[in-house]
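Colleague: What follows is a single structure, and I will ask about it in a moment.
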Amino acid sequence: MKKINFTKMVGAGNDFIVIDAAPGLNYKKLAMKVCDRTEGIGADGLLILDKSAKADYKMRIINRDGSEAEMCGNGARCVAAYIVRNKKPRKKLFTVETLAGDICATATGETARVQLSAPTGYQPDIPLTVNDRGMRVSYIDTGVPHVIVFVDGLEGIDVAEIGRVIRHHERFEPRGTNVNFVEQVNERLVNARTYERGVEDETKACGTGSVAVAIVAYLKANPGVSDKKAAGMNIRTASGEILEVRFDIKEGVVSNVWLKGSARFIARGEYYV
C-alpha cells in the first residue's frame, strides 16, 4: 500500500485534490478514484504540482472522468495558494506551466489572482439547433473551449440536460465544449451556471468559464469597443461567490486577462493507493 499526501481545496465552489507529483502514479486512474464522492475523497478534479523546465512550476489538471484539461481557472488559483503556503516562493508573482500555456499567479492567504492566456476563437451569434429548438450562442476559448448562452430565468434552466447536448454538439467536435448559461443583472454583474466538460455535470463554479462569460458579456454590452484598459465584469457563480475578471482591449483584441477569487484550504491527509 502506498500513501499519498493530499490537500483538499475549494475555489468558488469547485473542489480539488492537490498533490505533489510523484513517480509511478497513473494520474488518470488516481483522479477517478480520489474524486469519487462515495469511495474516494470527492472532488471535481485532481491537481498535480510538478517541476517545470520553462516556468517556476507546472500544473496538471485531471478531471473527475480521467481526462486531462488544458486549463482550469479555479484550480489555478488553488494551486497558487498551495504554492505560497507550502513552497514559499521567492517571487510574489510566479509563473505556472499549463497545457494552455504559461500563466502568472499570486496569492495572499486564501485569495488568489491568476493571469490567464489571451482568449482565442471568439465567435458571437452562432446558430444552433438543440432539442429541435433554434438558439444563438457565442463561443470563445479561454484556455479551454466555452459556449455562452444568454437566457432569461436562469434558475429554471435545465443546465445538465441542455448543457450535455451542447457539450456534444457536432458544431464543436472533436474537442467538445463547456457550456455557460448567463443572465445579465446589471452592467457590471452577471449570474452564470456552467456545465463542465470532463466533470460531465453542472458544477458550482468554473474559472475559465467565468472569464469566458465576462469577456463575452462585456463585448455584448459594449458593441464596437476597440480600446479599453481594465475592462471587466463580475460573475456570480452557482456557489454564490462572485469572481472578478479584468482585462485590456487594444484594437479590438483582448489581453492581460486576470481572474481573482477564493482558494480555500479544506483538509489535508493521506490517501491510500
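Read the figures in this text as sums done on the coordinates, not as results from a lab. Remember, it's a predicted structure, so these values are computed and weren't measured experimentally. Every residue, glycine as well, gets a Cβ built from its backbone with ideal geometry; the counts of neighbours run over all protein chains shown.
Colleague: For the pairs Lys58/Lys220; Lys87/Lys250; Lys3/Lys204; Lys28/Lys250; Lys54/Lys260, flag any whose C-alpha to C-alpha distance is greater than 32 Å.
Modeller: Lys58/Lys220; Lys87/Lys250; Lys28/Lys250
Colleague: Separate question: Provide Val151, Val137, Val225, Val245 in ascending order of the number of other Cβ atoms located within 10 Å of each residue's Cβ, fewest first.
Modeller: Val225, Val151, Val137, Val245
Colleague: While we're on this one: Between segment 85-147 and segment 2-55, what's the alpha-carbon centroid distance in Å?
Modeller: Taking the Cα centre of segment 2-55 as reference, the centre of segment 85-147 is 20 Å away.
Colleague: Can you list, bin by bin at 5 Å, the percent of alpha carbon pairs in segment 120-260, starting at 0?
Modeller: Histogramming segment 120-260 at 5 Å steps yields 2, 11, 22, 26, 20, 13, 6, 1, 0 percent.
Colleague: Which parts of segment 75-108 would a label at Ile242 reach, counting a residue when its backbone N lies under 19 Å from a point 7 Å out along Cα-to-Cβ?
Modeller: No residue qualifies, since no backbone N sits under 19 Å from the label point.
Colleague: Here's something else I'd like to know. Could you give the nm distance between label points at Asn256 and Lys92, where each point is 7 Å from its Cα heading toward the beta carbon?
Modeller: The two pseudo-label positions are separated by 1.7 nm.
Colleague: Quick one: order Asp152, Asp56, Asp227, Asp65 by neighbouring beta-carbon count within 10 Å, fewest to most.
Modeller: Lowest count first: Asp152, Asp227, Asp65, Asp56.
Colleague: In whole Hz, what ³J(HN,Hα) sequence does segment 205-219 give by Karplus (6.51, -1.76, 1.60; θ = phi - 60°), x for Gly and Pro?
Modeller: Working through the residues one at a time gives 6, 8, x, 5, x, 5, 5, 4, 4, 4, 5, 5, 5, 5, 5 Hz.
Colleague: Of Met71, Met32, how do they rank once you tally other Cβ atoms within 10 Å and put the fewest first?
Modeller: Working: Met71 23, Met32 18.
Fewest to most other Cβ atoms nearby, the residues stand as Met32, Met71.
Colleague: Which GluC sites (Glu not before Pro) in segment 26-101 pass both tests, a DSSP loop state and at most 12 other beta-carbon atoms within 10 Å?
Modeller: Listed in order of number, the matching sites are Glu39.
Colleague: Suppose a student asked you for the relative contact order of segment 1-118, using Cα pairs under 8 Å spaced at least 6 residues apart; what percent would you report?
Modeller: RCO, segment 1-118: 20 percent.
Colleague: Relative to the first principal axis of the alpha-carbon coordinates of the chain, what is the inclination of helix 73-86, with its axis defined by its Cα atoms, in degrees from 0 to 90 and to the nearest 10?
Modeller: 30
Colleague: By a straight-distance test (C-alpha under 19 Å), which aspartates and glutamates pair with Lys51 as possible cross-link partners, with residues fewer than eight away in the same chain excluded?
Modeller: Within the straight-line cut-off, Lys51 pairs with Asp20, Glu68, Glu70, Glu97, Asp102.
Colleague: So how strong a dipole does the chain carry about its Cα centre when Lys and Arg Cβ are +1 and Asp and Glu Cβ are -1, to the nearest 20 debye? Walk me through the intermediate numbers first.
Modeller: Values: 39 positive and 34 negative charges, 266 e Å.
The dipole magnitude comes to about 1280 debye.
Colleague: Alpha carbon centre of segment 163-191 versus segment 213-273: separation in Å?
Modeller: 15
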